[in-house]
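Working notes, beginning with the structure itself.
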Amino acid sequence: MTGEPRPADDSSGRGPVRIGRRFGDVTRTGGRLVPRRMEILLKSGDVKLDFTDAVITHRALHTDVDLRVGGKT
């Protein structure tokens, strides 16, 4: 790896990144380009979004989380 941030699912950062899962955990960590908007749909599990090493090139990040059973951090 060259040390460059990994692109998010939408490397342009324009459209929302949708993460959908019925069961299980969702974790996003490490150096990556963060999109303007994220939509997370999870029926059961935990969500962890760690932006410590992420590259955010926008003034605001919009995150919509629809979590039925579980926790988010």
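Structure values in brief
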| quantity | calculated |
| --- | --- |
| Cβ pairs under 8 Å, 6+ apart, first in the stretch 36-61 and in contact (Cβ under 8 Å) with a residue 40 or more places away in the chain, second charged (D, E, K, R) and not in a strand (DSSP E or B) | His58/Arg36 |
| Close pairs (6 angstrom Cβ cut-off, 6 or more residues apart or separate chains): surrounded by 13 or more Cβ atoms within 10 Å (Cβ to Cβ) and at pLDDT 50 or above in the stretch 1-29, among the acidic types (Asp, Glu) and not in a loop (DSSP other than H, G, I, E, B) anywhere | Pro16/Glu39; Arg18/Glu39; Asp25/Asp46 |
| Leading residue by the ranking (nearest to Arg21 (Cα to Cα)) among those in the stretch 39-63 that are in a strand (DSSP E or B) and at pLDDT 90 or above | Glu39 |
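The values are calculated or read from the model by the stated rules, or taken from the named source; none is laboratory data. Every value quoted in this text rests on a predicted model; they were computed, and no experiment measured them. Please note: Cβ atoms are built from the backbone with ideal geometry, for glycine as well, and neighbour counts cover all protein chains shown.
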